[in-house]
1. Can you tell me the dipole magnitude for chain B around its Cα centre, using point charges on the Cβ only (Lys, Arg +1; Asp, Glu -1), in Debye to the nearest 20?
2. Taking 7 Å along the Cα-to-C-beta vector as the label spot, tell me the A:A120-A:E96 distance in nanometres, rounded to one decimal.
3. Once you place label points 7 Å from the Cα toward the Cβ at A:N57 and B:V167, how far apart are they in nm?
4. So for segment B:59-123, what are the equivalent ellipsoid semi-axes in whole Å, largest first, each being the square root of 5 times an eigenvalue of the Cα gyration tensor?
5. Apply the a/c threshold of 1.5 to the C-alpha gyration tensor of segment A:67-192 and tell me whether it is rounded, prolate or oblate.
6. Provide the net charge surrounding A:A131, with neighbours chosen by a C-beta distance below 13 Å and charges set as Lys +1, Arg +1, Asp -1, Glu -1.
7. Is it possible to state the helix-based mean residue ellipticity at 222 nm for chain A, with each DSSP H run of 4+ residues giving -39500 (n - 2.57), the sum divided by total residues, to the nearest 500 deg cm²/dmol? What is it?
8. Using 7 Å Cα-to-Cβ label points, what is the A:S81/B:R10 separation (nm, one decimal)?
There are 2 protein chains.
Amino acid sequence: MTRKQSPRPRDAEATRAAILDAARLRFAADGYERATIRAIAAEAGIDPALVIRYFGNKEKLFAAAAELDLGLPDLSSLPRSRVGAALVAHFLVRWEADDIFIALLRAATTNEAAASRMRAVFAEQVGPLVASLSGSAAEAQIRAGLVSSQILGMALCRYVLNVPPLVGMKDEELVGWMGPTIQRYLTGSAGK
Amino acid sequence: MTRKQSPRPRDAEATRAAILDAARLRFAADGYERATIRAIAAEAGIDPALVIRYFGNKEKLFAAAAELDLGLPDLSSLPRSRVGAALVAHFLVRWEADDIFIALLRAATTNEAAASRMRAVFAEQVGPLVASLSGSAAEAQIRAGLVSSQILGMALCRYVLNVPPLVGMKDEELVGWMGPTIQRYLTGSAGK
DNA sequence: GCTCCATGTCAACGACTGTTGACTTTAGAA
DNA sequence: TTCTAAAGTCAACAGTCGTTGACATGGAGC
């Protein structure tokens, strides 16, 4: 029995959202160059040409799909000694919330626009948070860079490289290990 | 005046080495998919077909070019409290020694074979080093994973994403900041 | 000198890519 | 119902990719 598959109602906004979701999925799973317009369109159940019509070209599609809001919490109400663990805990849930973070991370290693975006995300979102806890602006930049290195490194190993012990660890364990590291990068000093 | 450019003497071993060098350069700069056989051949000053003749296909070429030896030092003669800083210092010079580490890192984010290789490198080279300092094998695996996350994260931010403050920092500064982190991952405990 | 095999070049293949323009179909206004 | 602009489809383009097989060339041994 051949059944005509019911076409979704023609809704530009819904189609646009479906394309963005599909794009995030493919970019996160395959990286920028291996995620093809055709694969994204197939995932969204539409024609590849429509993707171009909605977003112009692949670069602009990526830019629209990889708009990343870390949603960082306000740490000023916490005891200063707890900010490290709190920040780690926040990232652990943020990573799993959607595909945007991983898509941007994977793409950033081979696409300069994505790398630039990633730098901007940390400079504009993590930077001020660090500055509110820290001394001079120059010092805050260094601290933010160190935090980025550990946060991105864990995301890379756990979600991109799939390093076995890290994939299997519980969130509380990871907070226990990484929390003191981030705490020192935020409020401690080098050397000790 | 037209001068015929002097062809290099026909030396299979030298050509093979030139291809490997060119491949490491392109893979490190562009990642796996954007580094084309044609670009690698051009960099080596030969015909693309020759690359295939020497290495079979692109995957095998990458496998040959990305054979990574971390050259980790023996830390057993050091005071236990110094191993973190020593390991960080070693990686800082290892990263700059050649293009292999960065090539493997960049490729690992979009190529499963490269990711598998990267996991193997850390499991086989960092793992035993950690085990020699640590208790049970399971515990050593976790510690090695944590070390990987910080080491790879810093390499990613400093050499791939080019995060400004990290690029500009001196090696001693980085040892000062990262040393205690790695020290705790190697010999310390979670929570504190 | 000549021969022969390793070394290297050349042109082309099929597949896949982003992108385009012409075409068709649908929903809603008139 | 009729008309129209929006929404979606289709086939094809030009370019690039990895890879291949036929061909050219050079140097070591006779």
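Bear in mind these aren't lab numbers, they're just calculated from the coordinates by the rules spelled out. From a predicted model like this one, the values you see are computed outputs, not experimental measurements. Backbone-built Cβ (ideal geometry, glycine too); neighbour counts: all protein chains shown.
1. Working: 23 positive and 20 negative charges, 53 e Å.
Using Cβ point charges on Lys, Arg, Asp and Glu, chain B gives about 260 debye.
2. 3.0 nm
3. In this crude label model, A:N57 to B:V167 measures out at 2.4 nm.
4. Details: eigenvalues 142, 26, 19 Å².
Each semi-axis is the square root of five times an eigenvalue, giving 27, 12, 10 Å.
5. On the way: a/c = 1.68, a/b = 1.19, b/c = 1.41.
Oblate, because a/c is 1.5 or more while a/b does not exceed b/c.
6. Details: positive: A:R143; negative: A:E124, A:E139.
In short, -1.
7. Numbers: 11 runs with 127 residues, N = 192.
So the helix-based figure for chain A works out to -20500 deg cm²/dmol.
8. For A:S81 paired with B:R10, the spin-label model returns 7.6 nm.
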